[in-house]
1. How many residues, within region A:795-809, are touching a residue at least 40 places away in the same chain (Cβ under 8 Å), buried (at least 24 other Cβ atoms within 10 Å of the Cβ) and in contact with a strand residue (DSSP E or B) (Cβ under 9 Å, 6 or more places away or on another chain)?
2. Within region B:212-259, which residues are under 22 Å from the mean Cα position of the chain (by Cα) and at the interface with chain A (Cβ under 7 Å from one of its Cβ atoms)?
3. For region A:919-999, which fully contained strands (runs of 3 or more DSSP E) count at least 1 residues that are touching a residue at least 60 places away in the same chain (Cβ under 8 Å) and crowded, with 21+ Cβ neighbours inside 10 Å?
4. Among the residues of region B:320-346, count how many are within 14 Å of another protein chain (Cβ to nearest Cβ) and farther than 25 Å from residue B:399 by Cβ.
5. Examine region A:1019-1033 for a residue that is away from every other protein chain (no Cβ under 14 Å) and over 30 Å from residue A:867 (Cα atoms), and state whether such a residue exists.
6. Looking at the structure I just gave you, is residue A:684 assigned to a helix (DSSP H, G or I) and more than 12 Å from chain B (Cβ to nearest Cβ)?
7. Consider region A:627-666. How many of its residues are more than 19 Å from the chain's Cα centre (by Cα) and either on the phi > 0 side of the Ramachandran plot or more than 11 Å from every other protein chain (Cβ to nearest Cβ) (or both)?
8. Hey, can you tell me all the residues within region A:1068-1110 that are in contact with a strand residue (DSSP E or B) (Cβ under 7 Å, 6 or more places away or on another chain), within 10 Å of another protein chain (Cβ to nearest Cβ) and part of a helix (DSSP H, G or I)?
């Protein structure tokens, strides 16, 4: 729409009378780019109390809301239009784009981007411009406007709304009310510091009433005034020091801690308080270009390089278009893997040591029981290995289905653009066909679904144990035989991942643990609260050794348990390994030792569903509603503002390649200031991202794109300005680098995407996926996690990890080169357009299929070349030698040979020079076969001199014949080469090779180079030196050499990426290596030794620093 | 070193290793010796994850009339003693203590100050209950031979290094051999390319980083990554020496079933010792699970503990066969301990007072017990110098005391790396002073 608008600067101030449009103050003058008069009205207001009142200034730390109100001209109401917001600050204009990002604006109307695109204009249109705290001091001016559909006139506020942001406030009471009371006092302190609270023995008792801010202010100031060294005392306490039984309430250096410190400054009479921004960490750091970010993100999120169209879009549109391209590439199998892998890094579900989750409950699933016994009876009766294998595979597939389901659910929610809260609130699970069949599932699968493809569905055939259930125990069986199933059938009450079998089993409960581990991890992963860190310094041995229900009665324990235990209670319906309502008739999941104690007082009362010696199920002061308490908890969590920051925490490592920092706790620690600085900055970024996540409607794709767009991800270079050592250290501690070590999974995906080779891949018998060695056996050695023994990724290279990288490069290089030269045309991934018969000395090269009927059926191979005067050589080669050995391995049943009869060279002056076939030099692979001919018996060359005594056109004709028993014809090569130094060669071959190297450096390493760049010249030199060395050393002319290894079979899917005729895999899932090698052999021939030289270059590139880091 | 000489050396080393003659140069790589002249102590830390009940091990408690049963074994047996070490006659303890009492120091009454696994692990293995300190094993590696290719091995569990050294996470042992010789095909043992060509590639990588590191605009984090990349290349060459000594897959210690746990502890110990022997490593965390016995405590602990004592026996036997037993220090500990009473499911819950065992052959500090607990398994204050009960001027032993004493005993307390993580307010306790 904007392209029709004349370029006009919005700074033209038009005076017009203002009218009231909303309750907001400061109605702004209206103007239009067509200079006509419209009766549209605009207002922009700032509020610190959620819109109850409006003001023109605020403090930097205050949470503010800025809203605009538009009353379009009545003629435009009901039409579609675009809405724009522009900010002026410190002499620069920015504009608010859709999704909430602020982008530079040139001042030209034509370059405005809308905040809202094509919305139906209502009589009054309210737009939220900003929510959160402002980090930049001074005056911010805001304009708003709209463009009706089909109109060229932008109608806008010609004067801005101006808001002042000050660094501090001087009134401690205002500060307390606006910043301290709700978040800190009510949120962090009043839980314990109240009459009869856990901290009742302390000297500070608040009133736990959110309406009494003034009274609580008075209470605190009275307490504060009577303390010696009050400032330090309070800050030490709130950060967990000074024997604070409540542990860490305000992590040292965190936002809340800083707010508290500022408040205490004001109480101490300081006129101003300092504010900190996250900017300092990035002072002097420049960011990546949009295309560079695109490359990194494409490999990370989509497991591929960006397409030409994506690159073009981003190159033209810059950051403004980057987000849209990123969002669009968040799909497909690699994105699916990315999502599941990132979630697993936090949930550790695959680390479950229970290898069969589905045999935990013998009564829950009669269909499962029946299927088990059907398979088992068959296996027992037949004693056939296949039947036993079928039983084992079925169990494995069921277990796989259960373990992976929560990860699949998260991926499903994200991929289908559902609100991320659905990972906790979904009333369905992810089921595979094999699972669906035994749980009465409602999932629907397509015709081609495998046994372990996932679809959403509900479990409808969950049985609760009752008195009629009859089970027959059978020794040696995984499940008892169910002869009479329970009659109580329910639909399982799905609560997202929270009550998935996988999560409940990974974090099992016991009679005494009572779901606390489940509650702890729910808090940690979905609210970002580490319960165990709340009271790290609780050291009272008496309390810890207390046996009289300390979690309820001992303050040192209550501080955590008062928070933890109610949430544990909300998991009340789930027994040890996750069985729902385990008791007879499904009354509850209480432990039998509690319900019927052998000693002591019986607390249980009929109908109870939770322990009476624990806190009632609930969440932070609110008791859970009756019924499905876990569902209630899920609703509480997703409504909690911490859910958004926890989500940023959850996904941060997957994008940033670094863990989220913990607040430093001891000022005497090494690099404390740097740690604090890094932590503060990171928390600021996390909060900002969380705000955007909320504004997006909890779109995880949006959050992922914002993480990529963040300067934390895109930090690229230093600009050369001096930086402090604290700044430098902080950046290192925060993991800020443009050169992040790829995880094993990322490296595997990169190699597969770029080269088609899946190193050391084997087919997973359960999932049927081809899993790279980097994702299985080699993962831990390369810094991966297993969810059990190793839960933290290694982010930097160690010597042993470097051997993994070396092994990966060395084992992959040869098959990659072999395969890619077999591919033809645009099917090639790396060597498109390059002949493997080009050498660094090649002036001109050609090849020809020789279709002779007999070894004297000579056919001419003609090449004309324009040559400067000089010495050259003609290299005639047999390019596709093959020998189908007989059983004796000494003679060929079918063979290909090339007979060279003669060469004739016509010079520019017409003179014809004749050479016999025997005039050339050739190795032991050729032999004179009479009549001055030679025959090349194997992968071989014969070299003839060509002296160009004058410059001009030379025509070479080689008379050849094929001698063959194989079905396909002989391929003969003719290479016209210079005779100088290959290292400094300037021939066409050298140039084409260098061009290819530039391309490979770009594709594999992300480097933008030219043929004269030192990096390319180094690679070229490696190629040349390898080639010369192998020529001198008499290297065998095939990639499938006797001496050296080329482990093409280490990727179970490798051959299927090539034009292999038929199925290369046998029924046992393995290659018939003999048959496949026979097919590969002629295509692996390397008479000019260039393929193997490229393989060495490939090993170099695959082990390059830039290949291993992105 | 050329491919030919390297592989010839491997063959030579393999021959020596096969001879298995302790006291000879069996298996000691000439290259490794060239890389390090380190002949000092070797440290292994056994992390028993899940909180092991020490009242059935090194701090035996009997039942008290009128109070809940502490240990079922105590209803039919008394506390046993081997040398000066009292132990619980439980599981396979008797054989273990009778064989090794001369080689062990038991530190009882160590207060982890928490009942939380996460904090217990953090406190016991870093010496502090807040984040920020490395493991003792990491410090030990850093203080001695951080330049070794794999100075600090970790088979699982807590492994914070705080960047004082690099930690090598160990995975599936069966493929380790392939990694140690990256240029050799796993099955055919053919080279992928001549060694000279691989060395040229490595040299190019190093030269590339050298050039790049001169660019002033590199981010600090990028510089660190570049440096570690080159450092890894420089140190990885010697790793192949380990390949010469690493047992064939078939000769690796098998996993064992210890109750419900599948244990690889023997194998972890075997590989650790072999890495020490090869001169590529000097410090290792080995770990074992199965001790979170909230139910069926006696049966589960018996299985797990028997496997652990068997593994420790194997450890010392194997170390002796390699000729390095006199250099090895083995530390055994857990998150904390378990209640001195059973819950309704015959399990035991979390209890903050635990024990640490330090083992070394022919050491001056062994055949001793340090630290006191009462009959209810509460920690008692001891005098830091005399180690006797001292309720007025004494201290409750905490992990920081153990770490401080171990740092001193191991000779790393004044190392630069150690000084970065001081216990400034921690009392010195004469744990290793046999006169105490």
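1. Here the count works out to 1.
2. Listed by number, the list holds a single entry, B:239.
3. Values: elements: A:926-928, A:934-936, A:940-948, A:952-964, A:970-978.
Counting at least 1 such residues, we get A:934-936, A:940-948, A:952-964, A:970-978.
4. Qualifying residue count, region B:320-346: 5.
5. There is no residue in region A:1019-1033 that is away from every other protein chain (no Cβ under 14 Å) and over 30 Å from residue A:867 (Cα atoms).
6. yes
7. Residues meeting the conditions: 17.
8. Correct list: A:1108 only.
The values are calculated or read from the model by the stated rules, or taken from the named source; none is laboratory data. Values in this document were obtained by computation on a predicted structure and should not be read as measured data. When we count neighbours, we look across all protein chains shown, and the Cβ atoms used for this are built from the backbone with ideal geometry, even at glycine.
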